[in-house]
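*Asks:* Please see the structure below; I have some questions.
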Amino acid sequence: MSARTTKTFEDRLLNELQREIALRAEDPPVPEPVSRRTITGRRALVALAACVAAAGGVVALPASTGGAQAYAVERHEDGSVTVSMEEILLSGEEKEELTERLRAEGINVSVDKPRSGYVCAQPRGEIYPPRWSLTSSGDPSVVTKHEYTLRSGDSLVFEEPEPAGRVSPAGSVYAVKGAVEPCDEVPWDGERAFEESLESK
């Protein structure tokens, strides 16, 4: 009796499948690229703020994602917010970012630019002391942190009068309890007279 030497179709198919499985085991499959959403600094800050709000903690959020920190916003458990700035005159972009951040906390921001030779009439509400100005910065070698603690409904005010020659009113920043009154422009008659008008109120 002769041995069977021819392979059936099923035998050949089985051999081919075994060879294919062996080849695949030698070369692991290349994973397909996964599309991932880019995480920007702004998205990271928003996510951080959301996590802290859920946990009821305190967080300091910088103004921008690069360079020196121009300001910080710190939320407290009692709902108040502390704003601190290294400089009283922020850039336009920094003020926009700070305005957006504070409005999310229910705090108003007013940026007023009286025309040349004018200032905003005072008072514009109950001011949280102190009122910072470029002339009240003191020793330039000492870094002063300009800081206010505000609640929802309060206002942070930037007054930036247009220059009026060599002697001009100085830019200032201050905080007001509740809503700030609109800027009613009045002629500026000198820094001392302006400071005296503040002290008399």
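*Asks:* Would you pick out the residues in the range 148-201 that are open to solvent by 90 Å² or more (accessible area, probe 1.4 Å), part of a strand (DSSP E or B) and at pLDDT below 95?
*Replies:* Pro187
*Asks:* Could I ask something else about it? Just name the residue that is surrounded by the fewest Cβ atoms within 10 Å (Cβ to Cβ) out of those in the range 68-90 that are part of a loop (DSSP other than H, G, I, E, B) and of a type in the set (A, V, I, L, M).
*Replies:* Let us first name the residues in the range 68-90 that are part of a loop (DSSP other than H, G, I, E, B), namely 68-70, 76-80, 86-90.
Those still in the list that are of a type in the set (A, V, I, L, M) too: 68, 70, 88-90.
On the way: Ala68: 9, Ala70: 18, Ile88: 20, Leu89: 15, Leu90: 19.
In this case the residue turns out to be Ala68.
*Asks:* Select from the range 137-147 the residues that are surrounded by 11 or more Cβ atoms within 10 Å (Cβ to Cβ) and either at pLDDT 75 or above or in contact with an Asp or Glu (Cβ under 9 Å, 6 or more places away or on another chain) (or both) and list them in ascending order. Spell out the reasoning first.
*Replies:* First, pick out the residues of the range 137-147 that are surrounded by 11 or more Cβ atoms within 10 Å (Cβ to Cβ): 137, 144, 146-147.
Residues satisfying the conditions are Thr144, His146, Glu147.
*Asks:* Keeping to the range 100-126, report how many residues are farther than 16 Å from Ala170 by Cβ, part of a strand (DSSP E or B) and open to solvent by 40 Å² or more (accessible area, probe 1.4 Å).
*Replies:* Step one: of the range 100-126, the residues farther than 16 Å from Ala170 by Cβ are 100-110, 121, 123-126.
Now drop any that are not part of a strand (DSSP E or B), which leaves 108-110, 126.
With the extra rule that they be open to solvent by 40 Å² or more (accessible area, probe 1.4 Å), the set shrinks to 108, 126.
Within the range 100-126, residues that are farther than 16 Å from Ala170 by Cβ, part of a strand (DSSP E or B) and open to solvent by 40 Å² or more (accessible area, probe 1.4 Å) number 2.
The values are calculated or read from the model by the stated rules, or taken from the named source; none is laboratory data. All of these numbers come straight from a predicted model, not from anything done at the bench. Positions of Cβ are backbone-derived with ideal geometry, glycine not excepted, and every protein chain shown enters the neighbour counts. These accessible areas exclude ligands, DNA and RNA; they are computed on the full protein's heavy atoms, side chains included. Shrake-Rupley method; radii C 1.70, N 1.55, O 1.52, S 1.80 Å.
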